[in-house]
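A.B. asks: Got a structure for you, written out below as structure tokens; questions coming shortly.
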Amino acid sequence: METNFESFLKTPSAAARQRVMDDLRVLAHDAEDLLKATAGDVSEKTKETRARLTAALERAKATASHVQDEALAAAKATAQKTDRVIREHPYESIGIAFGVGLLIGVLVSRR
């Protein structure tokens, strides 16, 4: 049975990716609130800052979308590899699943 962990080593963990996505969403929400709050200010410096913030907000949204698309593509590729390995080695897969289930059952019943 062949196991390929290269994709796991090249991509950040799912928890880290989720934290980045959450941070980008919070940042986007806060930036939008700031833009709404300063809508009445007409000074030149505020207009320039608003323009830079708007551009940064759009880049952050694009980055969040790109990260999410990459995560979905990586998950799909991993699922396809897993499916291929299981189809190529069905009895070994059943045996491993049975062994892991048995081990979990023994550990849970001890408590």
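A.B. asks: Assuming a ≥ b ≥ c are the square roots of the Cα gyration tensor eigenvalues, decide whether region 51-111 counts as rounded (a/c under 1.5), prolate (otherwise, with a/b larger than b/c) or oblate.
C.D. replies: oblate
A.B. asks: Using helices alone, what [θ] at 222 nm do you get for the chain, with -39,500 (n - 2.57) per DSSP H run of 4 or more residues, divided over all residues and rounded to the nearest 500?
C.D. replies: So the helix-based figure for the chain works out to -30000 deg cm²/dmol.
A.B. asks: Now, a different point. What are the ³J(HN,Hα) values, in whole Hz, obtained from phi via the Karplus relation 6.51 cos²θ - 1.76 cosθ + 1.60 with θ = phi - 60°, for each residue of region 32-37 in sequence order, with x given for Gly and Pro?
C.D. replies: Ordered by residue, 3J(HN,Hα) equals 5, 4, 5, 5, 5, 5 Hz.
A.B. asks: Here is a follow-up. So if I place +1 on the C-beta of Lys and Arg and -1 on the C-beta of Asp and Glu, and nothing else carries charge, what would the dipole magnitude of region 6-110 be about its Cα centre? I want it in debye, nearest 20.
C.D. replies: Result for region 6-110 is approximately 120 debye, rounded to the nearest 20.
A.B. asks: Still on this structure, I have one more. By how many degrees, 0 to 90 and rounded to 10, does the Cα axis of helix 44-88 deviate from the longest principal axis of the chain?
C.D. replies: Tilt relative to the chain: about 10 degrees.
Here, each number is a calculation from the coordinates, and none is a lab measurement. Given the structure is predicted, the values throughout are model-derived calculations rather than measurements. Counting neighbours? That spans all protein chains shown, and the Cβs are built from the backbone with ideal geometry, glycine included.
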